[in-house]
Each structure stands twice: as C-alpha cells, then as structure tokens.
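One structure is given below, encoded as structure tokens.
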Amino acid sequence: MTSAVHPIASRDNPLLKELRKLAQSNNAYRKTGRFWVEGDHLCSAALQRGLQPSVAVYAQSFWATSGASWEHASPKNVVIPDALFSEISGLESPARMGFVLDLPVQTDIAAQPPTIILDRVQDAGNVGSILRSAAAFGFKQVIALQETAALWSPKVLRAGMGAHFGLLLHEGRLEAELDALAIPLVVTSSHVGQWIQELRLPSPCAWVLGHEGQGVRPSLLERAQVQVRIAQPGGEESLNVAAAAAICLHASAVGVL
C-alpha cells in the first residue's frame with residue numbers, strides 16, 4: 001500500500017515551521033517530543049533499528065528521482081520545493097530528505113549494562129563521537145548528567161552517525177541517580193591511577209568522561225572504584241575527551257573478547 005503524499009508549498013505551513021526549529025535549534029526537541037534527522041545515511045540507520053518516522057520530508061528533486069525507494073518508510077510523505085528544503089536544513093549542502101521521529105520514552109537507569117557517564121561534556125562533536133564509540137564497543141547505556149550537550153540536538157545526531165538508535169540514552173540526569181548503577185565506575189586522569197594497558201578492567205563497568213577543560217568533577221572521582229591513565233609518550237598534556245573515550249572503551253571491549 002502506497003503511503004500518502006502531501007505536497008506543501010508555503011513556508012508558513014505549521015509543519016515547516018516546526019521543522020526549522022528541530023533542524024536548527026539544540027533544544028527544540030525537548031518541547032515537541034520529536035527530532036529531525038537529515039540525509040539517507042541517518043534515515044536508513046533509523047529504519048534498520050526498526051524505527052518508523054511519523055513524517056518523511058523530501059525535496060521535489062529527490063522525490064522525482066528516488067521517491068519510489070522511500071515511499072513506504074513513513075505513513076506520511078511530505079514533498080516540498082527544493083528552496084524550502086534548503087531553508088529548513090541545518091546543513092551547508094542540504095541532503096534533500098529527512099525524517100521526523102518521536103523521542104524515545106525516558107526509562108529508569110538500568111543497573112547492569114556497560115555504561116558511559118558524560119559529566120558536562122560540552123562539545124556536540126565530542127558527544128556524538130563518544131556515542132559512536134559506545135555503539136562500536138558494546139556499551140549499551142549512556143547517562144548524560146546535567147550541563148552535558150543536548151543528546152538529540154542536530155549536531156550531536158549528525159556526529160553520532162546513527163549510533164543513537166542502538167543505545168539506551170538518559171539525558172539531564174542528576175549525579176545522585178547514579179546510585180542505580182550496580183557496576184563499578186572507572187575514570188581517567190592525567191596524573192593518577194594505573195596505566196590502562198597494565199590494568200585488568202572490570203566488566204561490565206561505567207566509564208566516566210568529564211568536561212573538556214575541567215575533567216571529571218571531584219564528587220565523581222570519589223565515587224569511582226578505578227582510576228586509569230593513558231600513556232602519552234609524545235608529551236602532550238591531555239587527550240581530547242572523544243579520543244580518550246575511544247581508547248578506554250576499546251580497552252574494555254578487548255578485555256571481554
């Protein structure tokens with residue numbers, strides 16, 4: 001059965017006004033309960049995880065050449081002029097198609113799965129990269145404490161490259177809520193702890209990744225059962241938090257293979 005196709009030509013259409021906010025604002029999704037992903041890669045990743053968009057939006061030129069391949073992805077297909085799609089898009093080169101998806105229902109923090117805790121990580125690119133590493137190395141749960149970059153913002157979604165759709169994400173949580181975890185917390189430090197290559201890491205565990213400049217807050221350091229250091233023979237003072245995360249999560253994954 002072919003899904004309904006709805007042409008829209010007015011930039012004042014309520015749906016297009018919502019899309020502009022979802023595509024260009026970091027926090028609009030929190031008010032609407034929906035988020036926007038743009039481009040065939042992210043849209044395909046959502047479909048592969050069993051998600052169904054509430055609305056699929058296509059530029060006229062894309063629909064004319066590729067619409068037949070996508071028409072069953074959503075119960076509602078909206079086709080708009082390319083110029084209007086460019087106005088909506090947050091990209092320098094608009095991808096000409098995108099999905100509106102419902103935010104996952106917030107759940108309680110699970111006690112046991114391999115977990116990442118984001119402590120005020122500010123940069124959207126860093127957060128998205130960490131989510132990709134989490135998905136790659138088998139960390140199923142990510143807890144973003146307050147003051148961390150918005151997990152479902154357009155920039156984090158793009159940097160995550162589809163990792164969002166396979167993870168259990170908790171946003172805006174308080175430190176006290178970490179009491180729900182029944183696994184040890186592990187933190188990195190530039191000056192204390194054992195070298196990561198010499199340590200048998202606990203599995204499962206929860207890696208705590210801190211603010212780009214200030215690192216992990218003292219109260220979380222006190223909670224941690226393990227502190228580790230990453231050797232930097234080149235002499236740099238510290239690693240980018242996303243790079244450090246990839247090293248740490250890989251070390252955890254290797255330990256359980």
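Points to keep in mind about this one:
- Scanning region 128-164 for residues that are within 20 Å of Ala251 (Cα to Cα) and either among the aromatic types (Phe, Trp, Tyr) or at pLDDT below 95 (or both) turns up Phe137, Phe139.
- Within region 150-170, the residues that satisfy the criterion of being closer than 25 Å to Gln214 by Cβ, buried (at least 18 other Cβ atoms within 10 Å of the Cβ) and in contact (Cβ under 8 Å) with a residue 40 or more places away in the chain are Ala150, Trp152, Ser153, Leu169, His170.
- Of residues in region 111-135 being in contact with a strand residue (DSSP E or B) (Cβ under 9 Å, 6 or more places away or on another chain) and of a type in the set (A, V, I, L, M, F, W, C), the one nearest to Asn26 (Cα to Cα): Val127
- Residue list for region 103-114, restricted to those being within 18 Å of Gly33 (Cα to Cα) and surrounded by 14 or more Cβ atoms within 10 Å (Cβ to Cβ): Leu103, Pro104
- Sole exception among (1) touching a Phe, Trp or Tyr at 6+ places or on another chain (Cβ under 6 Å); (2) more than 20 Å from Pro113 (Cβ to Cβ) for Leu249, by number: (2)
- Of the strands (runs of 3 or more DSSP E) entirely within region 34-131, those holding at least 1 residues that are in contact (Cβ under 8 Å) with a residue 60 or more places away in the chain occupy 34-38, 76-80, 97-102, 115-119.
- Of the residues Ile88, Ile80, the single one that is in the same structural domain as Ile8 (by TED's automatic domain parsing), crowded, with 21+ Cβ neighbours inside 10 Å and either over 14 Å from Val5 (Cα atoms) or among the acidic types (Asp, Glu) (or both) is Ile88.
The values are calculated or read from the model by the stated rules, or taken from the named source; none is laboratory data. Predicted model, so just to flag it, every value in this text is computed and none were measured. FYI the Cβ positions are ideal-geometry reconstructions off the backbone, even for glycines, and counts take in every protein chain you see.
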